[in-house]
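What follows is a single structure, written as structure tokens, with notes after it.
No value in this document is a laboratory result; all are computed from the given coordinates. Computed from a prediction, not measured in an experiment: that's the story for all the values here. When we count neighbours, we look across all protein chains shown, and the Cβ atoms used for this are built from the backbone with ideal geometry, even at glycine.
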Amino acid sequence: MSKLQESFAQDAAKLIQKAVELGYTVTLGEAWRTPQQAQWNADHGTGIAHSLHIERLAIDLNFFKAGAYVSNGSDLTNIGTWWETLSPMHRWGGRFTHLPDGNHFSISPDGHTA
Ligand SMILES: [Zn+2]
């Protein structure tokens, strides 16, 4: 396990706490992903092959407000912006130009997104 993976896990815990503070209910989505799954996603247009999920540096979370699923990623800008303040390596999927994904949070050691 790398130090970065360890700090990502701690930051993911803080992220959930922060979302609760902001009035959201949160459930867990996908964290670790096999290279085969990432390739399948890329082949089907729902992800990329070199996903940070493979490196245990990304997590997808589901957000609910007043019991309703928040389906529009731009409604999560407050959480995404907070995540980005944690370090210059923190990335929020809501900013991705290719396949924007407001539910996706990662640490990108080399600056590549996803
Ligand atoms: Zn993701």
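What value in Å³ per residue do you get for the convex hull of the alpha-carbon atoms in the chain?
Measuring per residue, one finds 97 Å³ for the Cα hull of the chain.
Quote to one decimal, in nm, the extra length available between LYS3 and LEU28 on full extension: 0.36 nm per residue of separation minus the C-alpha distance between them. Spell out each step's value before the answer.
Values: separation 25, 0.36 × 25 = 9.00 nm, distance 2.23 nm.
Full extension from LYS3 to LEU28 adds 6.8 nm.
Under a Cβ-Cβ cut-off of 13 Å, what is the net charge of the residues other than THR46 that fall near it, where Lys and Arg count +1 and Asp and Glu count -1? It would help to have the intermediate numbers written out before the result.
Values: positive: ARG33; negative: GLU30, ASP43, ASP60, ASP101.
Combined, the nearby Lys, Arg, Asp and Glu give -3.
Give, rounded to the nearest 20 debye, the magnitude of the charge dipole that the chain has about its Cα centre when Lys and Arg contribute +1 at Cβ and Asp and Glu contribute -1 at Cβ.
140 debye
Which FRET efficiency value, to the nearest 0.05, do you get for GLN36 and ASN62 by plugging their Cβ-Cβ distance into 1/(1 + (r/R0)^6) with R0 = 30 Å?
Efficiency at R0 = 30 Å is approximately 0.80.
I want to check the label-to-label distance for THR46 and PHE96. Put each point 7 Å from Cα in the C-beta direction and report it in nm to one decimal.
In this crude label model, THR46 to PHE96 measures out at 1.3 nm.
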